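Student: For reference, the structure I am asking about is given below.
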Amino acid sequence: MSRPTRARIDFRALRENLRMIRRRANGSRIWAVIKANAYGHGLIPVGRVLGEADGLAVSSLDEALALREAGIRQPILLLEGLFDRGEIQAAFQAKLEIVVHAEFGLALLESIPLLWPRLWIKIDTGMNRLGFPAHAFPDVHGRIVRLSATAPGLMTHLASADRPHDPAVQEQLSAFDRLTRGYPGPRSLANSAAMVQYPESHADWVRPGLLLFGVSPLPASDAESTGWLPVMTFATAIMAVKQIRRGERVGYGGVYEAKRDGWIGIAAVGYGDGYPYHAPGGTPVWVSGRLYPLAGRVSMDMIAVDLGSEPVAIGAPVILWGRELPVEIVARHAGTIPYELLCGVAQRVRHEWVDQAEDETDHAETVDRLSL
Ligand SMILES: *Cc1c(COP(=O)(O)O)cnc(C)c1O
């Protein structure tokens, strides 16, 4: 048996989440945000499955060109714009839509006379990360119009859309509205959290990322309770079991001490695979249909699980997160966010992209096994 650590990516769940997003978007077009290797799910396989999205959004030219080389023809948006002059020709030839968010990027584009199919102006309405300040907008708009074959897109990013009824969100929405009123061109404001909680932000294009992968962007909920379908199952198996007596310790630093005689299971996954080192004792781990507490520190290649009074078989299936155990819950235990856990699944973990039959049979068919 080879090392059983796997990330299973369920295409059917991905398509279904996109359909649910489509219904929620209520007529808005969809930029499917698949930066960071599609949040750890595999850029190219995921990009291919999202043919129904109106466009794909990524952070780097490399990601965009990889999608084009894979034959993907949808609009592609470069969310962070261009980083240097050397990227301009390739981006233009690949027909990318570019976010222009600062004077530096605008000057770059002006340095080579081209007529871009569509440029997007990012306006800072309060997040103070990327984007032109409000006072610069009219001038910037005039300059970008000269570089564009179509009316520039207008976008901003919301800092607190994961909080309900947040006045800061309302302020950003009205600042954007005030500033852009009367200008032509498509508008885009909403990430996953805004899609769910602020329908008034949907505008012409929504920009969901996390929701595609069936994970809730709201801190207090998990996707299971909201109907989204987790796309990734991060799984492994039990590779050893061990009987221990009350008072014995487990793992580095002896952090875990057995309260009674019982069994410990060792699962083949660790921080070297992307399981969070900071997950404390008690973090739930699914083993053969039941949840057990993590015992002691996470090692590079292994974790220990408190199995209680009964052992399980060597090879028993283990799920770190997935439909059986929402990644939101593991993230909460580990003091992080689901985004980081998904993006952090390591290269060495074998990814399997499966397309489960529409009738929900158990026969997961491996359709593709592309390297990352
Ligand atoms: C990453 C990103 C998104 C998607 O965010 P989610 O919270 O995953 O939906 C949307 N817009 C921009 C500009 C982003 O960088």
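Student: So if I check each of P199, P217, which one is out of contact with any strand residue (DSSP E or B) (no Cβ under 8 Å at 6 or more places or on another chain) and surrounded by fewer than 20 Cβ atoms within 10 Å (Cβ to Cβ)?
Tutor: P199
Student: Next question. Examine the range 283-305 for a residue that is surrounded by fewer than 18 Cβ atoms within 10 Å (Cβ to Cβ) and among the polar types (S, T, N, Q), and state whether such a residue exists.
Tutor: Looking through the range 283-305, at least one residue is surrounded by fewer than 18 Cβ atoms within 10 Å (Cβ to Cβ) and among the polar types (S, T, N, Q).
Student: Do you know which residues across the range 185-237 are farther than 14 Å from E328 by Cβ, of a type in the set (A, V, I, L, M) and more than 14 Å from the ligand (Cβ to nearest atom)?
Tutor: Listed by number, the residues that qualify are A235, A237.
Student: Could you identify the single residue in I123, I144 that is under 24 Å from A168 (Cβ atoms) and in contact (Cβ under 8 Å) with a residue 40 or more places away in the chain? Quick ask: steps written out before the conclusion?
Tutor: On the way: I144 fails: under 24 Å from A168 (Cβ atoms).
Step by step, each of I123, I144 is checked, and only I123 is under 24 Å from A168 (Cβ atoms) and in contact (Cβ under 8 Å) with a residue 40 or more places away in the chain.
Student: Does at least one position in the range 39-49 carry a residue that is in a loop (DSSP other than H, G, I, E, B) and aliphatic (A, V, I, L, M)?
Tutor: Among the residues of the range 39-49, not one is in a loop (DSSP other than H, G, I, E, B) and aliphatic (A, V, I, L, M), which makes the answer no.
Student: Can you report the number of residues in the range 137-172 which are closer than 15 Å to G126 by Cβ and open to solvent by less than 20 Å² (accessible area, probe 1.4 Å)?
Tutor: Qualifying residue count, the range 137-172: 9.
Student: I'd like to check something: does the range 24-37 contain any residue that is aromatic (F, W, Y), touching a residue at least 60 places away in the same chain (Cβ under 8 Å) and open to solvent by less than 10 Å² (accessible area, probe 1.4 Å)?
Tutor: Looking through the range 24-37, at least one residue is aromatic (F, W, Y), touching a residue at least 60 places away in the same chain (Cβ under 8 Å) and open to solvent by less than 10 Å² (accessible area, probe 1.4 Å).
Student: Same structure again: Give the range 53-84 a look and list any residue that's within 13 Å of the ligand (Cβ to nearest atom) and either open to solvent by 50 Å² or more (accessible area, probe 1.4 Å) or assigned to a strand (DSSP E or B) (or both), or say none.
Tutor: Selection gives G55, L56, A57, V58, L77, L78, E80.
Student: Go through the range 281-295 and count every residue that is among the hydroxyl-bearing types (S, T, Y) and in a loop (DSSP other than H, G, I, E, B).
Tutor: Selection size over the range 281-295: 2.
Student: What are the pairs, 6+ residues apart or on separate chains, where a residue within the range 210-221 that is over 11 Å from N17 (Cβ atoms) has its Cβ under 8 Å from a residue that is at pLDDT below 90 and in a loop (DSSP other than H, G, I, E, B)?
Tutor: Going by the 8 Å Cβ cut-off, the qualifying pairs are S216/D222.
Student: Name the one entry in L119, L179, L109 that is away from the ligand (no atom under 16 Å from the Cβ) and open to solvent by less than 30 Å² (accessible area, probe 1.4 Å).
Tutor: Exactly one residue qualifies, and that residue is L109.
Student: Could you list, in sequence order, all residues of the range 180-200 that are under 25 Å from G47 (Cα atoms) and in a helix (DSSP H, G or I)?
Tutor: Selection gives S192, A193, A194, M195, V196.
Student: Now for a different question. Have a look at G272, G265, G253 and point out the one that is out of contact with any helix residue (DSSP H, G or I) (no Cβ under 6 Å at 6 or more places or on another chain), buried (at least 17 other Cβ atoms within 10 Å of the Cβ) and touching a residue at least 40 places away in the same chain (Cβ under 8 Å).
Tutor: Answer to the selection: G265.
Student: Turning to a different aspect of this structure: What are the pairs, 6+ residues apart or on separate chains, where a residue within the range 324-347 that is in a loop (DSSP other than H, G, I, E, B) has its Cβ under 6 Å from a residue that is charged (D, E, K, R)?
Tutor: These pairs meet every condition: P326/D222; P326/E224; A346/D273.
The values are calculated or read from the model by the stated rules, or taken from the named source; none is laboratory data. Computed from a prediction, not measured in an experiment: that's the story for all the values here. Backbone-built Cβ (ideal geometry, glycine too); neighbour counts: all protein chains shown. These area figures cover heavy atoms from the full protein model, side chains too; ligands, DNA and RNA do not enter into them. Shrake-Rupley method; radii C 1.70, N 1.55, O 1.52, S 1.80 Å.
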